[in-house]
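All remarks here apply to the structure that follows.
The values are calculated or read from the model by the stated rules, or taken from the named source; none is laboratory data. Here the structure is a predicted model, which means the values were calculated and not measured. FYI the Cβ positions are ideal-geometry reconstructions off the backbone, even for glycines, and counts take in every protein chain you see. These accessible areas exclude ligands, DNA and RNA; they are computed on the full protein's heavy atoms, side chains included. Shrake-Rupley method; radii C 1.70, N 1.55, O 1.52, S 1.80 Å.
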Amino acid sequence: MSRTFKVAVVGATGAVGEVMLAILAERGFPASEVIALASERSAGGEVSYGGDDLVVRDLATFDPAGVDIALFSAGGATSLEHAPRFAAAGAVVIDNSSAFRRDDDVPLVVSEVNPEAIAHRPRGIIANPNCSTMQMLVALAPIHRRYGIERINVCTYQSVSGAGRAALEELGRQTGALLNFQGPDPQRFPVQIAFNLIPQIDEFMDNGYTREEMKLVWETRKILGDDGIQVNPTAVRVPVFYGHSEAVHIETRDKVTAAEARALLEAAPGVEVVDERVAGGWPTPVTHASGKDAVFVGRIREDLSHPRGLDMWIVSDNIRKGAALNAVQIAELVAAESAG
Ligand code: A2P
């Protein structure tokens, strides 16, 4: 009989945790048991896993002995405190927070791009990349390997689900309030997000970029194993519930035509090309990405301002490929190790 795994989902009541549970069930992950964990405030409540309801348990008092794989998505502070405890008890931790992503002894893995990196995990922790980096690299890694990307200019249009359940609720509540001539009463975001755009995600760094933008720089270099790639990001929060979009402009070492890039992307794992030069011939978060696994790429064209420039539009469900799906795909890679 093939092996089964005791799996813990930490942050099971959150926007990402609930989708981790759904995807584990959907993909038939070989789990002998799935344990839902969150903070004390939601302990005793229920979350769904396939057709079952799981009772949520309190992470702080949970004993991780016997857990084989732990998927963490409960914020950086929770990961810093509890992930080492799970790893010490023998679990492989797959962490969706940014707590360990830049540590040299923690692999940072996109399942289609650098799956081999999971093998070296001396701390028993594997990091799941930031959602914006994740979808961008599923599309750009094949181009980088063939043509050598020297520079990436990227503007992101990031949905509110990336900021968690409270942010989803805030967009819904504000939209309703404003349509009823009431005030927006911002709480999760610094200003009104409904019918607005916010050009700051995460805190500012000394260089004037935000931490979310710098994640695109740091994580791209680490995942592609190339510190020479220049990345110039602007990250913007938009009033979309699910699905991040990115306008990406790359400069390659060798010239790549739009037709060559399209052919390469059509064959790339995890990518779906939607690129017709007609109305509706491009992907959007609502019409293509939301609830889907693929990274959708459209608007592929040669940059008329640069001889080796290429432009494209990359859209994906930030909660699925950008977070929960990739974490489960890493869990599948870990499970495949013991199948030998
Ligand atoms: P809880 O529901 O108990 O607050 P989101 O990103 O959608 O806001 O979700 C965050 C997830 O992380 C939730 O499941 C939340 O659980 C969980 N979480 C937050 N802080 C802690 C903590 N200190 N210990 C355990 N789980 C936590």
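Key figures
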{"read-out": "Unmet requirement for Ala88, which otherwise passes all of (1) within 16 Å of the ligand (Cβ to nearest atom); (2) surrounded by fewer than 22 Cβ atoms within 10 Å (Cβ to Cβ)", "value": "(1)"}
{"read-out": "The listed residue being on the phi > 0 side of the Ramachandran plot, surrounded by 11 or more Cβ atoms within 10 Å (Cβ to Cβ) and either within 16 Å of the ligand (Cβ to nearest atom) or not β-branched (Val, Ile, Thr) (or both), out of Phe181, Phe195", "value": "Phe195"}
{"read-out": "Test: residue in the stretch 273-288 that is open to solvent by 60 Å² or more (accessible area, probe 1.4 Å) and on the phi > 0 side of the Ramachandran plot", "value": "no"}
{"read-out": "Number of the exception - Leu178 against (1) within 30 Å of Val106 (Cα to Cα); (2) not in a loop (DSSP other than H, G, I, E, B)", "value": "(1)"}
{"read-out": "Number of the condition not met by Glu40 [criteria: (1) near the ligand (Cβ under 8 Å from one of its atoms); (2) farther than 13 Å from Ala127 by Cβ; (3) out of contact with any Asp or Glu (no Cβ under 6 Å at 6 or more places or on another chain)]", "value": "(3)"}
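Results for (1) of a type outside the set (Asp, Glu); (2) free of Cβ contacts under 8 Å to residues at least 40 places away in the same chain; (3) closer than 21 Å to Ser97 by Cα; (4) outside the structural domain of Ala139 (by TED's automatic domain parsing), shown as yes or no for each residue.
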| residue | (1), (2), (3), (4) |
| --- | --- |
| Glu276 | no, yes, no, no |
| Ala279 | yes, yes, no, no |
| Pro283 | yes, yes, no, no |
| Val328 | yes, no, yes, yes |
